[in-house]
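Down below is the structure, laid out as structure tokens.
The values are calculated or read from the model by the stated rules, or taken from the named source; none is laboratory data. The shown structure was predicted, so the numbers you read here are calculated from the model rather than taken from an experiment. When we count neighbours, we look across all protein chains shown, and the Cβ atoms used for this are built from the backbone with ideal geometry, even at glycine.
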Amino acid sequence: MKLIDFILNNSDQCLFLTWEHIRIVAFAVFLATIIAVPLGILITRNEGIAKKVLNAANILMTIPSIALFGLMLPVLALIGHGLGKVPAVIALVLYSQLPIIRNTYVGIKNVPPELVEAGKGVGMSSLTRLKEVEIPLAVPVIIAGLRTAAVMNIGITAIAAYIGAGGLGVFIQQGIARAYDEMVMAGAILVALLAIFVDAGMALIERILTPRGIKIGRKQGR
């Protein structure tokens, strides 16, 4: 089969582009996490600000990736980074904000009130309750947001090949330009497989970090 022959004959490039794709996505999700998780926690203290932040993040999600790359190009070109990995990472960080902020916010808000009250009852400060009670219970929901962001960003990174970001989208871009079906198929399949593996891995982490009490509650709810 021509597709298998292409992958075998270009295995080194497949591995290189896959690793490059992973690095771009991982770095973007890391940056997004250190921005969005604290922001998601912060807005749980003010419902008015929460609505505005979530609406702003939602608006960012509605902008098509190609349009966002186009908007950033003239601005980043001023500092010599109109094309390449920099605009790709910035776009991925922006797109990651909604799922991570929303899940962090929902996770914290859904902590059972009786547990929060119990923390108050034993003299915990607001910060201590957050660290010892609220965040640990919200971790599975936060991980679910990271999972969504990571899988979504794998697809967007493939599009970012058109602005020179690299990754597996290079196969798709060059395959279309050359009318080389096997190259396009290889790129598409490898992107899909990467998304499946990342999703499965994040799902496993989410399950491991879910407190035993929540797992039992879910089973009883069924």
Quiz item: From the list 114, 182, 132, which residue is in contact (Cβ under 8 Å) with a residue 60 or more places away in the chain and assigned to a helix (DSSP H, G or I)?
Solution: 182
Quiz item: Checking residue 137 against (1) closer than 23 Å to residue 25 by Cα; (2) in contact (Cβ under 8 Å) with a residue 40 or more places away in the chain, which single condition isn't satisfied?
Solution: (1)
Exercise. Have a look at 50, 91 and point out the one that is closer than 24 Å to residue 198 by Cα, in contact (Cβ under 8 Å) with a residue 12 or more places away in the chain, touching a helix residue (DSSP H, G or I) at 6+ places or on another chain (Cβ under 6 Å) and not acidic (Asp, Glu).
Key: 91
Self-check item: Qualifying positions in region 189-204 - at pLDDT below 95 and buried (at least 16 other Cβ atoms within 10 Å of the Cβ)
Solution: 202
Practice problem: Can you work out which of the residues in region 151-179 that are β-branched (Val, Ile, Thr) and without any contact (Cβ under 8 Å) to a residue 24 or more places away in the chain is surrounded by the most Cβ atoms within 10 Å (Cβ to Cβ)? | Solution: 172
